[in-house]
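Here's the structure we're looking at; comments come further down.
The values are calculated or read from the model by the stated rules, or taken from the named source; none is laboratory data. All figures in this text were calculated on a predicted structure; none of them were measured in a lab. Ideal geometry is used to build each Cβ from the backbone, glycine not excepted, and the neighbour counts take in all protein chains shown. Surface areas here come from the heavy atoms of the whole protein model, side chains and all, with no ligands, DNA or RNA. Shrake-Rupley method; radii C 1.70, N 1.55, O 1.52, S 1.80 Å.
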Amino acid sequence: HPKRGNAREALLAAAANEIVPTDKSGELIDIAYRAMATNPYDRYQSVQELQDAIREFQSHSESIKLSESAEVHLDEARQQNSSDEFARARFAFEESVKLWAGNTAAVEGLAVATLDHAQNALGQENFELGISILDPTVAEHQGLIKKLKERRNARRRLAMLTRVAVGVAILAVVGFLFASYRYSVDQQ
């Protein structure tokens, strides 16, 4: 029976304190290897230390799940040009990094999502949003911040010129009406 052979092999390996290699890898496998180390000094020195390692693995696992969720939101944001989806992606990446600062995928994802969100804000002419989510101390953000501020300032100048032009037009109409009125009064 195949299971008996495997169980027998496992028992013989355990009795000889031999760790059978596996093709699996990852943080949990590393914890297991350390817990089963042949040399007692290489093992966790207390149950608390082993529990801490498992808890840390669990937080890393949760961080990875959040990061994967953030990637889905980022893809949707790009497809829909949705500021809300970009914000969700950035939030999930931020929370992922809070759980595990060593989650490089989340750190990189947050950087990309932030730039994409700001670029989307520029495309939607939401200049203040774009400026607010970027960090002027980050070199990769500086060019986009400059572009957002230039476009914002150009829009403000155009709005001011429009207000001035409307004001001048109103004054011209009022002046014309006043002159017409004066002319008609003078003609009577």
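For the condition part of a helix (DSSP H, G or I), out of contact with any strand residue (DSSP E or B) (no Cβ under 6 Å at 6 or more places or on another chain) and exposed (fewer than 11 other Cβ atoms within 10 Å of the Cβ), what is the one hit in Gln48, Gln58? Criteria check complete, one pass: Gln48.
Suppose the filter is under 15 Å from the mean Cα position of the chain (by Cα), without any contact (Cβ under 8 Å) to a residue 24 or more places away in the chain and assigned to a loop (DSSP other than H, G, I, E, B); does Asp84 pass it? So Asp84 does not fit the description; no. Determine if region 23-37 includes at least one residue that is part of a loop (DSSP other than H, G, I, E, B), touching a helix residue (DSSP H, G or I) at 6+ places or on another chain (Cβ under 8 Å) and either modelled with pLDDT of 85 or more or not aliphatic (A, V, I, L, M) (or both). There is no residue in region 23-37 that is part of a loop (DSSP other than H, G, I, E, B), touching a helix residue (DSSP H, G or I) at 6+ places or on another chain (Cβ under 8 Å) and either modelled with pLDDT of 85 or more or not aliphatic (A, V, I, L, M) (or both).
Checked against the criterion of being under 30 Å from Asp30 (Cβ atoms) and not in a helix (DSSP H, G or I), the candidates Ala70, Ala111, Ala101, Ala106 yield just one match: Ala101.
The residue of region 114-130 that is nearest to Glu76 (Cα to Cα), among those that are open to solvent by 30 Å² or more (accessible area, probe 1.4 Å) and in a helix (DSSP H, G or I), is Asp116.
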